[in-house]
Amino acid sequence: MRHQIDHRKLGRSAGHRRALLRNMVTSLILHERVETTLPKAKELRRTADRMITLAKEGTLHARRQAAAFVMSDESLRKLFSTLAERFKDRAGGYTRIFRFPHRRGDSAEMATIEYLGFVPPAPKLKAQDQEHDHEHEEETKRKAKAEKKEAKEKKTKEKPTKEKAEKKASSKTSKKTEDKEEKKTGIKGLFGRKKKTEK
């Protein structure tokens, strides 16, 4: 018989066990469901129900007691707002435990613990919807690539026109200088070029 046995030790020291329960209670408040082993779930049920009783009190002292145990401010706000209102007309028994098959590897008894009124998240998209989303993303990527290519082609077309204009301007200036030199010298050299007269 289990006389004078207060709690499960879970194979851990006192500090390690307290840190484990604090983390598990915090995640249970945030997500409202936790999957763990059966002994941990049964031990967690005590502290989870105790947090709800503190939240239902709603006093400053109760809030400080809960803050000393809960690990995050977000979970503390949710505890004293949504969960306290949900269980304000309930006298106790705020959690439920579901048993699951044994875990492969160490054959541990598995279970999930959750608060009453927990609504599971929406199911994931089907394979067809995922494929449709993937195709849509690919189309957007292709369009973006095509737009980038068009922009690059426009830039490359604009550059040679500028270069041609610069070449024309430079050729005109060079011709003018040559004509001036021809007028000064007046004598043509080989290949149609004009030689300078020797003084």
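The values are calculated or read from the model by the stated rules, or taken from the named source; none is laboratory data. Quantities reported herein were computed from a predicted structural model and do not represent experimental measurements. So basically every Cβ, Gly included, is an ideal-geometry build from the backbone, and we count neighbours across all protein chains shown.
Looking at the range 36-77, which of the residues that are closer than 18 Å to residue 16 by Cα and β-branched (Val, Ile, Thr) is surrounded by the most Cβ atoms within 10 Å (Cβ to Cβ)? Checking each candidate, the answer is 70. May I ask you to verify whether residue 122 is modelled with pLDDT of 90 or more and either of a type outside the set (D, E, K, R) or surrounded by 11 or more Cβ atoms within 10 Å (Cβ to Cβ) (or both)? When the stated conditions are applied, residue 122 does not pass them.
If a residue must be surrounded by fewer than 13 Cβ atoms within 10 Å (Cβ to Cβ), charged (D, E, K, R) and in contact (Cβ under 8 Å) with a residue 12 or more places away in the chain, how many such residues does the range 97-117 contain? Residues in the range 97-117 being surrounded by fewer than 13 Cβ atoms within 10 Å (Cβ to Cβ), charged (D, E, K, R) and in contact (Cβ under 8 Å) with a residue 12 or more places away in the chain: 2 in total.
Looking across the range 13-33, just one residue is over 19 Å from residue 73 (Cα atoms) and surrounded by 13 or more Cβ atoms within 10 Å (Cβ to Cβ), and that is 17.
Suppose we filter 41, 14 for residues that are among the small types (Gly, Ala, Ser) and within 17 Å of residue 115 (Cα to Cα); which single one remains? First the steps, then the outcome.
Working: 14 fails: within 17 Å of residue 115 (Cα to Cα).
Every option except 41 fails the conditions.
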